[in-house]
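First up is the structure itself, then whatever we jot down about it.
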Amino acid sequence: MKPIAVVTTVANVEDARRLARALVERRLVACAQISQIESVYMWEGALQQEGEYRLVCKTVASRYAAVEEAIRELHPYTLPAIYGVALERVHGPYADWVGEYSGG
Amino acid sequence: MKPIAVVTTVANVEDARRLARALVERRLVACAQISQIESVYMWEGALQQEGEYRLVCKTVASRYAAVEEAIRELHPYTLPAIYGVALERVHGPYADWVGEYSGG
Amino acid sequence: MKPIAVVTTVANVEDARRLARALVERRLVACAQISQIESVYMWEGALQQEGEYRLVCKTVASRYAAVEEAIRELHPYTLPAIYGVALERVHGPYADWVGEYSGG
């Protein structure tokens, strides 16, 4: 049961909390950490600089597809950033806890 | 086209925004997220504890060397932290968007 | 000497700074970045939503076990989140600096 961190970003803290709660309550992820960021990117030819919130969710690698699908379903953006980062080393009891709470 | 996250840190938000805008405008990275951190480290034998800003930039793995070179060129530090974290899983349309906007 | 990022979370900024200083002073990690997060997770059947602080520490991969052990020793939680993320690409001089300051 290899844990993975699944990351997405949303425009405001209400959406971040709503998304985090839904993923945890559905036992798709064991936990989600919300943090404040400022995003710089191009959109329709113009440079954008906007406040956003990042969610880092912990689940097991085998659940990535289900978590991505739920984020797409719940996300207000048409093209959300969603990606997974492998956790190469994990404290055993923590890995077990992540597995227990993201097993659906 | 495997996306990668390239990370660096700078001393203040002005430098963070200047660096982020330059990398996005040069289409070296598709986007950059800025966040506030506090760094603890040793420098010349003394413990340092200073506010900094972290940039997390998304590009494609084949562009890492070009992005690192540009960060070194633009960065105010003589020894900047610059590293890349592989994105093991990525939402397809988002990966395409990153590829489109970091292709130079 | 492959650098790795070791991540943990604590309840307050005092614990974050105490942990960061101890790991850096013991030369287990070269640096630690502290940032503010909000964590959402299940605990004893109820949804929790609490402020926390994340530590991202840079060390060399061969030191992961020693860093994890020290975090478990110093951490106030009974079940702390502790994991390592591989740094796939690293600016050479920065990798050397991490190696020099996390070699014990």
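The values are calculated or read from the model by the stated rules, or taken from the named source; none is laboratory data. Computed from a predicted model, the values in this text were never measured in an experiment. All Cβ positions, glycine included, derive from the backbone under ideal geometry; neighbour counts span all protein chains shown. All accessible areas refer to the heavy atoms of the entire protein, side chains included, with ligands and DNA or RNA removed. Shrake-Rupley method; radii C 1.70, N 1.55, O 1.52, S 1.80 Å.
Figures for the structure shown
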{"item": "Electrostatic dipole magnitude of the protein assembly as shown [Cβ: Lys, Arg +1; Asp, Glu -1; Cα centre; debye, to 20]", "result": "500 debye"}
{"item": "Candidates A:LEU23, A:LEU55, A:LEU79, ranked by Gaussian network fluctuation over chain A, Cα under 10 Å, top entry", "result": "A:LEU79"}
{"item": "Solvent-accessible heavy-atom area per residue, rounded to whole Å², over chain C at 1.4 Å", "result": "40 Å²"}
{"item": "Highest-MSF residue in chain A out of A:ALA46, A:ALA65, A:ALA22 [GNM, Cα springs under 10 Å]", "result": "A:ALA46"}
{"item": "C-alpha center-to-center spacing [region B:15-35, region A:45-104] in angstrom", "result": "23 Å"}
{"item": "Estimated distance in nm for a label pair at C:GLN49 and C:LEU79, the labels positioned 7 Å out from Cα along Cα-to-Cβ", "result": "2.2 nm"}
{"item": "Per residue, the convex hull volume that the Cα atoms of region C:3-101 enclose (Å³)", "result": "100 Å³"}
{"item": "Candidate lysines - alpha carbon under 21 Å from C:LYS58, same-chain residues fewer than 8 apart omitted", "result": "A:LYS58, B:LYS58, C:LYS2"}
{"item": "Region A:3-101: relative contact order as a whole-number percent, Cα under 8 Å and 6+ apart", "result": "43 percent"}
{"item": "Charged-residue dipole, Cβ positions (Lys, Arg, Asp, Glu), chain A about Cα centre, Debye nearest 20", "result": "380 debye"}
{"item": "7 Å along Cα→Cβ, label-point gaps from A:PRO76 to other copies, nm, shortest first", "result": "3.4, 3.4"}
{"item": "Counted charge near B:ALA66, where neighbours are those whose Cβ lies closer than 13 Å (Asp, Glu -1; Lys, Arg +1)", "result": "+2"}
{"item": "Nearest-0.05 FRET efficiency for C:GLU14 and A:ASP96, computed from C-beta distance (R0 41 Å)", "result": "0.90"}
{"item": "Rg followed by Dmax, in Å, when the protein assembly as shown is reduced to its Cα trace", "result": "18.3, 52"}
{"item": "For region C:1-43, size of Cβ-based charge dipole, Lys and Arg +1, Asp and Glu -1, in debye", "result": "300 debye"}
{"item": "Net charge of neighbours whose Cβ lies under 14 Å from the Cβ of A:ASP96, counting Lys and Arg as +1 and Asp and Glu as -1", "result": "+1"}
